Structures are given as C-alpha cells and as structure tokens.
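The values are calculated or read from the model by the stated rules, or taken from the named source; none is laboratory data. Because the structure is a prediction, the values reported are computed rather than measured. Glycine gets a Cβ as well: all are built from the backbone with ideal geometry, and neighbour counts include every protein chain shown.
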Amino acid sequence: MKQLLLILILVVSLSSCETSSPKEIAKAEIEEIFEKVRSSYNFGDLPGIMEHFHPNFLHNGDDYQVEEVVWELRRNQYPTLDFDDLYIDLNGDFASVAFTLYLGDEEFTEPSTEKGDLSYFYKTFDGWKICGNEFVEQF
C-alpha cells in the first residue's frame, strides 16, 4: 500500500511540473535581453547595453562601433527607454522581434527603417546576441 501511495505521489508531482519547449526558452531569453537593455539604458550604462550586441553587428551599414555611438547619442537625447508588445519570430539560429519602442515621449514601431537595430538576433554559443539586419554568419 505504501508503494502504491508513493507511486501515486510521484506521478502527480511529475505531471504537475511545467516543461518549456526550446522555442519558449529562446523567447524568454530574448525577452530578458530587452529587460537588460531597458535597465542599462535607464541607468546610463552604455557597456551594459552593448554587451548584448554581436561583435560583427551590421545594421543598415552601421557596424558595432557606429552602433555604440548611436546608443550614446540616444542616451543623450532621450532620458528613458521602454518596450511594449514584443512579438518574437524564431527561425533556427535567427530571430526577429517586432515591438513598440519608447524613447522618452516618442513612440516607434519596430522594426522601422529609421531604427530597427534591436529587431534582429543571432544565437551564439554564449546565447542570443543582437546582430542587425545585414548580419552574416562568419565561421
């Protein structure tokens, strides 16, 4: 009887455990990057923002170094950054993210032609990195 009760408890506890699919895990990791970028931006931590960018980042002709200047200029122009309505589309080691971007009082729908630099991700050995819309894998 004790064995039956133990088996029943084990079955119930195993069936109540939530399991996440690889896609759900990837989406959660990308959402976490957005949270970290938001926090870093709002605390004035430019290195904290840039740590989420791939070193071979390329977006509309801008490489990593230019992107770092872009974020420094944004920080000087807009006091706050926020995101809303993230929609993450996964495609293997790549992901694109559509969202609403708030820089200070201004609102942008991403990806846009003017900005959009946070909309493209590539999965590396270290996790997801922001890569830009012209990024090419290098082996």
Restricting the range 81-108 to residues that are in contact with an Asp or Glu (Cβ under 9 Å, 6 or more places away or on another chain) and of a type in the set (S, T, N, Q), the residue that is surrounded by the fewest Cβ atoms within 10 Å (Cβ to Cβ) | Thr100
All but one of (1) more than 22 Å from Ala26 (Cβ to Cβ); (2) of a type in the set (Ser, Thr, Tyr); (3) not in a strand (DSSP E or B) hold for Thr109; which doesn't?
-> (3)
Would it be correct to say that Tyr78 is of a type outside the set (Gly, Ala, Ser) and within 16 Å of the chain's Cα centre (by Cα)?
-> no
Quickly run through the range 41-97 and pick out the residues that are over 18 Å from Phe121 (Cα atoms), aliphatic (A, V, I, L, M) and not in a helix (DSSP H, G or I).
-> Leu81
Within the range 112-139, the residues that are of a type in the set (Gly, Ala, Ser), without any contact (Cβ under 8 Å) to a residue 24 or more places away in the chain and either surrounded by 13 or more Cβ atoms within 10 Å (Cβ to Cβ) or under 13 Å from Ala26 (Cα atoms) (or both) are Ser119
Filter pass, Ala28 being surrounded by 13 or more Cβ atoms within 10 Å (Cβ to Cβ) and either on the phi > 0 side of the Ramachandran plot or under 13 Å from the mean Cα position of the chain (by Cα) (or both) | no
Only one of Tyr87, Tyr122 that is of a type in the set (Ser, Thr, Tyr), closer than 20 Å to Trp71 by Cβ and modelled with pLDDT of 95 or more | Tyr122
